[in-house]
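J.: Once you've had a glance at the structure underneath, I'll fire off some questions.
The values are calculated or read from the model by the stated rules, or taken from the named source; none is laboratory data. Because the structure is a prediction, the values reported are computed rather than measured. Every residue, glycine as well, gets a Cβ built from its backbone with ideal geometry; the counts of neighbours run over all protein chains shown.
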Amino acid sequence: MAHHHSPLRRDLAGYWMPHEGTNNIAFALISFGNLAAYENYRARLRSDAEGLANFDFAEENKFILAEQRTFLRKVTL
């Protein structure tokens, strides 16, 4: 499966999954300058052929059981 963020480059911190405990979750951490940039990315992703193919592949193979979004702020000390 291709990296679905590559044609729409964003600041990808990485993909994360537990190494112990719950094994049915994973996280992708992507940084955006603001909510408008995130919404623009989502709109572009929905019209990107590679992104759509990756999503279809993930759905067909039941990789995505649930999707939740959380908006975080970077903590600076």
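J.: Filter the stretch 32-77 for residues that are in a loop (DSSP other than H, G, I, E, B) and among the small types (Gly, Ala, Ser) and give the result.
T.: Across the stretch 32-77, the qualifying residues are Gly33, Ser47, Ala66.
J.: For the stretch 26-77, name all the residues that are polar (S, T, N, Q), surrounded by 10 or more Cβ atoms within 10 Å (Cβ to Cβ) and closer than 18 Å to Asp11 by Cα.
T.: Within the stretch 26-77, Ser31, Asn40 qualify.
J.: Let me ask another. Only residues that are within 18 Å of the chain's Cα centre (by Cα) and part of a loop (DSSP other than H, G, I, E, B): list them for the stretch 10-22, please.
T.: Answer for the stretch 10-22, where residues must be within 18 Å of the chain's Cα centre (by Cα) and part of a loop (DSSP other than H, G, I, E, B): Arg10, Met17, Pro18.
J.: Conditions first: (1) surrounded by fewer than 12 Cβ atoms within 10 Å (Cβ to Cβ); (2) modelled with pLDDT under 85; (3) not acidic (Asp, Glu). His4 passes all but one, so which condition is the exception?
T.: The one condition His4 does not meet is (1).
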